[in-house]
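A.B. asks: The following block contains the structure, expressed as structure tokens.
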Amino acid sequence: MKKYEVMYIINESVEAEKRAELIENLAKIITDNGGVVTKTDEWGMREFAYRIDYMKKGYYVVVNFEADNECVKEFDRLMRINANVVRFMITVDEAPVREAKK
């Protein structure tokens, strides 16, 4: 399993209770597909540099997790169809190990 990081933005109009439930459900997608969530970091409500779909701000969340390719594909698919997720980006969280020159 590889290490990944996903940063996503939740629509500002989602209420606090629904937002907490959404964050939990998105993490559950990873765990239900064989992945492991190692860290969830909520950055909170922040203003955008420019408007996105007529919105000025959104709720930022960063999640670190370990998963295989199938899990990441399913997570990506479900994030794309979720109306409450404004934007998201999944990145591989592994830097290549280089040997020192002798």
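No value in this document is a laboratory result; all are computed from the given coordinates. Predicted model, so just to flag it, every value in this text is computed and none were measured. Cβ atoms come from the backbone with ideal geometry, glycine included; neighbour counts cover every protein chain shown.
A.B. asks: Within the set of pairs 6 or more residues apart or between chains, which connect a residue that is closer than 14 Å to D93 by Cβ inside the range 28-40 to a residue that is outside any strand (DSSP E or B) and among the hydroxyl-bearing types (S, T, Y) with Cβ atoms less than 7 Å apart?
C.D. replies: Note: pairs meeting the criteria are V37/T31.
A.B. asks: Taking R80 as meeting all but one of (1) surrounded by fewer than 12 Cβ atoms within 10 Å (Cβ to Cβ); (2) part of a helix (DSSP H, G or I); (3) touching a residue at least 12 places away in the same chain (Cβ under 8 Å), write down the number of the exception.
C.D. replies: Answer for R80: the failing condition is (3).
A.B. asks: So in the range 4-24, with the set limited to residues that are among the charged types (D, E, K, R) and exposed (fewer than 14 other Cβ atoms within 10 Å of the Cβ), which one is nearest to the chain's Cα centre (by Cα)?
C.D. replies: Step one: of the range 4-24, the residues among the charged types (D, E, K, R) are 5, 12, 15, 17-19, 21, 24.
Right, trim to exposed (fewer than 14 other Cβ atoms within 10 Å of the Cβ) and you get 15, 17-18, 21, 24.
On the way: E15: 19, E17: 18, K18: 17, E21: 14, E24: 11 Å.
In this case the residue turns out to be E24.
A.B. asks: Can you give me the number of residues within the range 29-48 that are under 20 Å from R87 (Cα atoms) and out of contact with any strand residue (DSSP E or B) (no Cβ under 9 Å at 6 or more places or on another chain)?
C.D. replies: Of the residues in the range 29-48, 1 are under 20 Å from R87 (Cα atoms) and out of contact with any strand residue (DSSP E or B) (no Cβ under 9 Å at 6 or more places or on another chain).
A.B. asks: For the range 29-39, how many residues meet the condition of being surrounded by fewer than 13 Cβ atoms within 10 Å (Cβ to Cβ) and either acidic (D, E) or under 15 Å from V72 (Cβ atoms) (or both)?
C.D. replies: Of the residues in the range 29-39, the ones surrounded by fewer than 13 Cβ atoms within 10 Å (Cβ to Cβ) are 32, 39.
Now restrict to residues that are either acidic (D, E) or under 15 Å from V72 (Cβ atoms) (or both): 32.
Residues in the range 29-39 being surrounded by fewer than 13 Cβ atoms within 10 Å (Cβ to Cβ) and either acidic (D, E) or under 15 Å from V72 (Cβ atoms) (or both): 1 in total.
A.B. asks: From the list Y60, Y8, Y50, exactly one residue is in a strand (DSSP E or B) and without any contact (Cβ under 8 Å) to a residue 12 or more places away in the chain. Which is it?
C.D. replies: Values: Y60 fails: without any contact (Cβ under 8 Å) to a residue 12 or more places away in the chain; Y8 fails: without any contact (Cβ under 8 Å) to a residue 12 or more places away in the chain.
When all the criteria are applied, what remains is Y50.
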